[in-house]
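Asker: Have a look at this one before I ask anything.
Quick note: the coordinates plus some simple rules give every number you see, no bench work behind them. Computed from a predicted structure; not experimentally measured. Cβ placement follows ideal geometry from the backbone for every residue including glycine, while neighbour counts extend to all protein chains displayed.
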Amino acid sequence: MHELAPGLWHWKAPHPDWEPAEPWDQHVSSYAIDGEWLLLVDPLAVPSELLHRAADRETAVVLTAPWHERDARSLVERLGVPVYTPRPDSAEYLMETYGITAEQAGDGSPDLIWLFREEIGEARPYAAGDRLDVGVEAFPGQKPNDMVLWIESHRAVVAGDTLVDFGDGLEINARWLSRARVTREHVVQGLRPLLELPVEHVLATHGGPTDRAAFAAALS
């Protein structure tokens, strides 16, 4: 674990579902941001130091996308924390976007079933344009439920799958754009307002931390 700035930590851990055919590295990034709340963002294998800190702090899990649930359930069961997350894909969205049948779509995405259907833990769903009561503002990403987050207290942008670094620097990934059936320019338009903010830290969960210059270049 590395402290990027006071109250801002980064660490990496191997993703249990990674396969060699994936374009992303097996070791994915998670972040912790300590302000009025301790936020565990897309958390996987949270270091013990942060778990001890969470025991004495108001703490929440914040997911950039529902499929980034990672260790969210175990943290809910251990700490009793709420989970701020976009909603999983509905069956209608899956059919419309991927051209699958109603039978194939079933009840929608299996992401976060334990949270939304089994009601294990407290779900606090959010969408693009929302300002969360934990000091986070959500900007639209490449999918309706893949967010880019602005944490003003730490001048930090956190990106899920919309902005990634697969080894060639921060970028909007063309492979995942095609899956979402949106254009690069559409994504850039949604994120361009962030360039008007005093961004210092850019925190990619596929890749690692970088800076405003890399962010501006990715949107250029």
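Asker: Can you find, within region 169-178, the residue that is farthest from G129 (Cα to Cα) among those that are in contact with a helix residue (DSSP H, G or I) (Cβ under 9 Å, 6 or more places away or on another chain) and in contact (Cβ under 8 Å) with a residue 12 or more places away in the chain?
Answerer: G169
Asker: Quick check on region 1-27: of everything there that is out of contact with any Pro (no Cβ under 8 Å at 6 or more places or on another chain), part of a strand (DSSP E or B) and of a type in the set (A, V, I, L, M), which residue is nearest to L203 (Cα to Cα)?
Answerer: L8
Asker: Picking from V158, V182, which residue would you name as being hydrophobic (A, V, I, L, M, F, W, C) and either within 23 Å of G7 (Cα to Cα) or surrounded by fewer than 14 Cβ atoms within 10 Å (Cβ to Cβ) (or both)? Talk me through it step by step, then tell me what you get.
Answerer: On the way: V182 fails: either within 23 Å of G7 (Cα to Cα) or surrounded by fewer than 14 Cβ atoms within 10 Å (Cβ to Cβ) (or both).
Checking each option against the conditions leaves just V158.
Asker: Can you confirm whether region 108-119 contains a residue that is in contact (Cβ under 8 Å) with a residue 24 or more places away in the chain, buried (at least 21 other Cβ atoms within 10 Å of the Cβ) and of a type in the set (A, V, I, L, M)?
Answerer: yes
Asker: Hey, E36 hits all of (1) closer than 21 Å to R155 by Cβ; (2) surrounded by 15 or more Cβ atoms within 10 Å (Cβ to Cβ) but one; which does it fall short on?
Answerer: With respect to (1) closer than 21 Å to R155 by Cβ; (2) surrounded by 15 or more Cβ atoms within 10 Å (Cβ to Cβ), E36 is out only on (2).
Asker: Does any residue in region 85-97 that is surrounded by 16 or more Cβ atoms within 10 Å (Cβ to Cβ) come within less than 8 Å, Cβ to Cβ, of a residue that is assigned to a strand (DSSP E or B) and charged (D, E, K, R) six or more places away or on a different chain, and which pairs are these?
Answerer: Matching pairs, first to second residue: T85/R124.
Asker: Could you count how many residues in region 167-202 are within 16 Å of the chain's Cα centre (by Cα) and not in a helix (DSSP H, G or I)?
Answerer: Residues that pass the stated criteria total 6.
Asker: Quick check on this structure: which one of E122, E196 is in contact (Cβ under 8 Å) with a residue 40 or more places away in the chain, surrounded by fewer than 17 Cβ atoms within 10 Å (Cβ to Cβ) and either over 15 Å from P66 (Cβ atoms) or touching a Pro at 6+ places or on another chain (Cβ under 7 Å) (or both)?
Answerer: E122
Asker: Still on this structure, please answer the following. Go through region 144-158 residue by residue and tally those that are in contact (Cβ under 8 Å) with a residue 60 or more places away in the chain and more than 14 Å from E200 (Cα to Cα).
Answerer: 4
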